[in-house]
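So the structure is just underneath, and the comments pick up after that.
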Amino acid sequence: MSLGDFLGFLHSQLRVTLPEPTTRFTNQTIIVTGANSGIGLAAARQLVSLDAGRVILAVRSLERGEAAVRDIAASTGRAGVAEAWELDLARYASVEAFARRVIAELPRVDVLLANAGLYHFAFERAEDDETTITVNVVSHMLLALLLLPRMRETAARHRAGRPAVISFTGSFTH
């Protein structure tokens, strides 16, 4: 890559205004893990502003999750759409309990945005595996598999043949 190519790339990343989203999420139920801060919070806020029917902030700390719910309501003017539910991805029992609650309380799940993640510099264990792998990969896969039947039902009943969406986010930073 030449210097000119690199500078062109930098310019394209720093000087481009992203288009406003046009997709609406009317009546859809969306789960966002790690939604009390960072990209997860921004995504949840955007989904609420795009008319989502219900946005579940799946968070490790209910206190921080409730603060995020208040922040989203204040910034979007849409109170009662976002709600915080406890989910500790370092514990499989928490993932299973969260999935049971989803099945019991949510008649539909249109989108799972698997966003939560962490990055530890020191080796730590969670559920007999390295914590980063447990939280960022294994628990999100477990959650997706546990929610898949409800998401298939949602697609069949509410999405006119369009599949429900499972999206995994991630980066080196977590």
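GluC sites (Glu not before Pro), restricted to segment 107-136: which are DSSP loop and have at most 14 other Cβ atoms within 10 Å?
Glu124
Using +1 at the C-beta of Lys and Arg and -1 at the C-beta of Asp and Glu, which of Ala104, Gln28, Leu146 has the Cα lying farthest in the positive direction of the dipole of the chain?
Positive-most Cα among the choices belongs to Gln28.
Quick one: putting +1 on the C-beta of Lys and Arg, -1 on the C-beta of Asp and Glu, what dipole do you get for segment 24-168 around its Cα centre, in Debye to the nearest 20?
Numbers: 17 positive and 16 negative charges, 153 e Å.
The calculation lands at about 740 debye.
Is it possible to state the helix-based mean residue ellipticity at 222 nm for the chain, with each DSSP H run of 4+ residues giving -39500 (n - 2.57), the sum divided by total residues, to the nearest 500 deg cm²/dmol? What is it?
-13500 deg cm²/dmol
Would you kindly give the portion of the calculated P(r) for the chain that falls above 21 Å, as a percent of all Cα pairs?
Percent of Cα pairs beyond 21 Å in the chain: 52.
All of the numbers you see were taken from the coordinates with simple rules; none came from a lab. Everything numeric in this text was worked out from a predicted model, so none of it was measured. Note: ideal-geometry Cβ built from the backbone for every residue, glycine included; neighbour counts use all protein chains shown.
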